[in-house]
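The values are calculated or read from the model by the stated rules, or taken from the named source; none is laboratory data. Worth saying up front: this structure is predicted, and the values here are computed from it rather than measured. A quick note on method: Cβ atoms are made from the backbone with ideal geometry, for glycine too, and the neighbour counts reach across all protein chains shown. Note: areas computed on protein heavy atoms with side chains; ligands, DNA, RNA excluded. Shrake-Rupley method; radii C 1.70, N 1.55, O 1.52, S 1.80 Å.
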Amino acid sequence: MAIETEARWVPIAVSCDILDGTVIPARLPTGPIAVWRSASGSLYANGDRCPHRGMRLSQGFVRGETLSCIYHGWRFGADGACQKIPAHPKVSPPKTINCGPLPVTEANGVVWGAATSPVDAPDQFVGHDALRSLVVAASTDAIASACEGEWVGEAIAVTLGGQNTILLLNPYGPAEVLVIALVPRGLTAPDLVRVSTALEALRRSAEAVGEAA
Amino acid sequence: MILYDYILSPSCYKLRLLASLLDVPLELRAVDFHPGREHKGAALLALNPAGCLPILVDGDLVLTESAAILAYLAAQSGPNWLADGDPQAIALQQQWLSFSHRLAEALGGARLVEMLHFDGDLEALQSDGIAALRELEAALFTRRIAGGTFLVGDMPSIADIACFPYVALAPDGSISLDPYPSIRLWMRALRSLPGFIEMPGIHRLHELAPDPFAKDLS
Amino acid sequence: MTPDSVRNAWYPVGLLSDLNPDGKESLLLGETITIFGSDMGEPRVECGGRGLPVVPRFGHLWTSLGAPDKDLFTIPEADHPDRTLVDVGVVRVKCSPLRAVENFLDIAHFPFVHTDILGAESHPEVSDYQVKIRDDVDEVWATKVEFYQPQAAKSAGGGIMTEYMYRVPTPTCSILYKTCPPRPGEWDVIALFVQPLTEDLCDVWPWMALFDDESAMTDLIHFQQLIFLQDRSILESQIPKRLPLDPAMETPTRADLTSVAYRRWLKRQNYTYGAQLVAG
Ligand SMILES: N[C@@H](CCC(=O)N[C@@H](CS)C(=O)NCC(=O)O)C(=O)O
Ligand code: FES
Ligand SMILES: [Fe+2]
């Protein structure tokens, strides 16, 4: 049912990839979204489409506690409401103009988003933190078989670069998946680099598996 | 110093950019690259028989490779933009300068096909471009683990400037930058440098300027 | 089926100065056409072995897939002998041809997209202006459009209040008339001629007729390419790709009255190529 899939947390980004005062593009199964952190550090998400003329809001910019569209500079606040239309600076924008705020939360250094508010918190991975994300041009099955990992719910547990790694998956399409790798907390820099390198290798083999299929 | 320049060329832009970051004046000569193909005309072929831009003329010296021109500008006016002394840094800088040619061919090539009607195998250019972006993303992620932001050492260098324009303009050739968070942070760091200038397709960070509505929206 | 209003319209397909006698393939409304230049006689355009009507005008070759019921529009102001005519060259854009025209009619984006050239963030206000669909000529016109511009033209020395008039003579072309810094009382003419390749891909041919004795031709070309390429990345990112003609799909304000009239005019003549009629 649509409601069930929408009220579910989906891993969409790595927390430290979104600095204070920046916006990034991300995706939910329902479509593209813009995820942004205000100057004070609060995290928000909304549809990646400006209500004015359809520009992608993820190409906009963050000033203070608002997200600005790059096209005509309309500014949206935490509740998605339009707070300012620069072409009409003296007019208060109608309350109905809204860019569609979406639920977003952070855990284990991962940003999770949902189309409608889930009842529960996202899955917890005790002692693990996000390392990095990468997009793999293959199916989730191709990824699982390429790394010979084990499914743990919707994630894959696998040893990469000698570390117990958890791969969170956000399928963008049948042959395109956002993978977020979680590694045990407290690894050294060389350990982290080894996992990152192993992830690149995993992507190569998953994509080769996909091509062979 | 005279730069034979085309406003839409990433290879010319990187020289305007470094000159601006170093506060070095450049005398620009606009070349009608498109639609006029002036770079293939007799006058410019006499300067650069390869028939391409940029060309930098400084007295008797004529330079026609953007990486060499970056090195020349930096050596004259910004030696801290050049790796120097440390063998590893020198080698890495050379490696990224060579890498920038791959970016120019693949990402720059896809852009010329998609935007200005140039001939080329678009799919091959795009797939080479994506391969190069993935390499860059992995390298920049490794730099982040070590606490670094830029390609070589602690400071921005000509290696960053050599690669930046093709990467930032990749979407012009229908190559999305959405999947590369470390590239996004690196580009942001470069666009935040004092003296940064934009080119069409690479806009400035508006948020760095004072908020005209700060009073209304607080 | 492509509506008659779409097939019968005139479209630009190339620069007269750059036609190839051996023929060059292109697309028009999704159909393959071949454009032939000629050293002596007339240029020709063919589609599936059939000759199409052609008109050379404004430095470009124009054609139509149907039987145009109107002559190609004219720009009388551009005939003044003192004007410099500038062929800016083609730029391909992955967007609806109608989105490209609508962007050209919009001034509210200047402070954010053409920052410190055609607009400044400190002066974003769009005052009221006048828009009408002129039934006598079947064109959209906007007049008394005023905007503060830091560098209104290559020849501009500093910031000025610029006055614009906008004119849409045919669905995929738009002309603007703007204050001409070196000649008070005259208008510079800047046009955007759009060739619809498909519903979401177009070749854009900007063209200008300016009073400017100072600037070199290449500088004028670069200035316009600079401006237009700032728009391109926006145009390629708008969602949906096709221009929504349903007013509920997007949110216009008073600053967008030209765009509102343009969409209404398109709908009225059933010009649906590159448009989206219902939400979804
Ligand atoms: N190349 C087009 C690009 C579109 C454009 O420049 N349109 C708007 C900006 S979207 C304009 O008002 N231009 C005025 C100017 O260039 O002075 C043109 O010829 O103007
Ligand atoms: S499209 Fe976002 S402000 Fe106009
Ligand atoms: Fe514009």
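Details
- In summary, residue A:87 fulfils each of the numbered conditions (1) small (Gly, Ala, Ser); (2) more than 21 Å from the chain's Cα centre (by Cα); (3) farther than 15 Å from residue C:250 by Cβ; (4) open to solvent by less than 30 Å² (accessible area, probe 1.4 Å) with the single exception of condition (3).
- Scanning segment C:1-23 for residues that are within 14 Å of another protein chain (Cβ to nearest Cβ) and in a strand (DSSP E or B) turns up C:12, C:13, C:14, C:15.
- For segment C:24-41, residues that are farther than 21 Å from residue C:6 by Cα, open to solvent by 50 Å² or more (accessible area, probe 1.4 Å) and part of a strand (DSSP E or B) total 1.
- Some residue of segment C:209-217 being over 16 Å from the mean Cα position of the chain (by Cα), in a loop (DSSP other than H, G, I, E, B) and within 8 Å of another protein chain (Cβ to nearest Cβ): yes
- Candidate set from segment C:185-218 (those that are charged (D, E, K, R), more than 23 Å from residue C:57 (Cα to Cα) and at pLDDT 95 or above); member that is farthest from ligand 3 (Cβ to nearest atom): C:199
- When segment C:78-113 is filtered for residues that are closer than 30 Å to residue C:30 by Cα, within 13 Å of ligand 1 (Cβ to nearest atom) and within 9 Å of chain B (Cβ to nearest Cβ), the ones remaining, listed by number, are C:87, C:88, C:89, C:90, C:91, C:93.
- For segment C:134-150, the criterion of being part of a strand (DSSP E or B), within 16 Å of ligand 3 (Cβ to nearest atom) and open to solvent by 10 Å² or more (accessible area, probe 1.4 Å) is satisfied by at least one residue.
- Test: residue in segment A:57-64 that is away from ligand 1 (no atom under 16 Å from the Cβ), among the hydroxyl-bearing types (Ser, Thr, Tyr) and at pLDDT 95 or above: yes
- Any hit, segment C:83-96, residues being within 19 Å of residue C:142 (Cβ to Cβ) and at pLDDT 95 or above: no
- Test set (1) more than 14 Å from chain B (Cβ to nearest Cβ); (2) closer than 23 Å to residue B:204 by Cα - residue C:252 fails condition number: (2)
- Residue C:47 falls short on exactly one of the conditions (1) at pLDDT 95 or above; (2) closer than 29 Å to residue C:257 by Cα, and that condition is (2).
- Within segment C:150-174, being closer than 18 Å to residue C:105 by Cα and of a type in the set (A, V, I, L, M) holds for C:152, C:153, C:161, C:165, C:168.
- Check on residue C:247, within 16 Å of ligand 2 (Cβ to nearest atom), at pLDDT below 95 and over 16 Å from residue C:104 (Cα atoms): yes
- Scanning segment A:163-195 for residues that are surrounded by fewer than 21 Cβ atoms within 10 Å (Cβ to Cβ) and of a type in the set (Gly, Ala, Ser) yields A:173, A:175, A:186, A:189.
- Looking only at residues in segment C:207-232 that are in contact (Cβ under 8 Å) with a residue 60 or more places away in the chain and small (Gly, Ala, Ser), the one that is surrounded by the fewest Cβ atoms within 10 Å (Cβ to Cβ) is C:215.
- Residue identified as modelled with pLDDT under 95 and away from ligand 3 (no atom under 16 Å from the Cβ) among C:280, C:274: C:280
- Only one of A:102, A:67, A:57 that is assigned by TED's automatic domain parsing to the domain that holds residue A:14, touching a strand residue (DSSP E or B) at 6+ places or on another chain (Cβ under 7 Å), within 9 Å of ligand 2 (Cβ to nearest atom) and in contact (Cβ under 8 Å) with a residue 24 or more places away in the chain: A:57
- Residue count, segment A:31-63 (criterion: open to solvent by 10 Å² or more (accessible area, probe 1.4 Å) and within 13 Å of the chain's Cα centre (by Cα)): 7
- Hits in segment C:152-161 (condition: surrounded by 17 or more Cβ atoms within 10 Å (Cβ to Cβ) and out of contact with any Asp or Glu (no Cβ under 7 Å at 6 or more places or on another chain)): C:152, C:156
- Checked against (1) within 11 Å of chain A (Cβ to nearest Cβ); (2) at positive phi, residue B:174 meets all criteria but (1).
- Among the residues making up segment B:187-205, those that are more than 12 Å from the chain's Cα centre (by Cα) and buried (at least 18 other Cβ atoms within 10 Å of the Cβ) are B:200, B:201, B:203.
- Enumeration of residues in segment A:109-131 that are acidic (Asp, Glu) and either within 10 Å of residue A:9 (Cβ to Cβ) or touching a Phe, Trp or Tyr at 6+ places or on another chain (Cβ under 6 Å) (or both): A:120, A:123
- Of the numbered criteria (1) under 20 Å from the mean Cα position of the chain (by Cα); (2) of a type outside the set (A, V, I, L, M); (3) more than 11 Å from ligand 1 (Cβ to nearest atom), the one residue C:206 fails is (3).
- Test: residue C:194 is without any contact (Cβ under 8 Å) to a residue 40 or more places away in the chain and in contact with a Pro (Cβ under 9 Å, 6 or more places away or on another chain): no
- Qualifying residue in segment B:176-186 (condition: among the β-branched types (Val, Ile, Thr) and either touching a His at 6+ places or on another chain (Cβ under 8 Å) or open to solvent by 40 Å² or more (accessible area, probe 1.4 Å) (or both)): no
- Any hit, segment B:86-102, residues being touching a strand residue (DSSP E or B) at 6+ places or on another chain (Cβ under 9 Å), open to solvent by 20 Å² or more (accessible area, probe 1.4 Å), more than 17 Å from residue B:166 (Cα to Cα) and in a loop (DSSP other than H, G, I, E, B): no
- Per the listing C:245, C:235, C:197, C:201, the residue uniquely within 16 Å of ligand 1 (Cβ to nearest atom) and either in the same structural domain as residue C:175 (by TED's automatic domain parsing) or surrounded by 17 or more Cβ atoms within 10 Å (Cβ to Cβ) (or both) is C:235.
- Applying the criterion of being among the basic types (Lys, Arg) and within 25 Å of residue C:44 (Cα to Cα) to the residues of segment C:63-121, the residue that is farthest from ligand 2 (Cβ to nearest atom) is C:70.
- Boolean, residue A:160 is in contact with a helix residue (DSSP H, G or I) (Cβ under 6 Å, 6 or more places away or on another chain), under 22 Å from residue A:126 (Cα atoms), open to solvent by 10 Å² or more (accessible area, probe 1.4 Å) and at pLDDT 95 or above: yes
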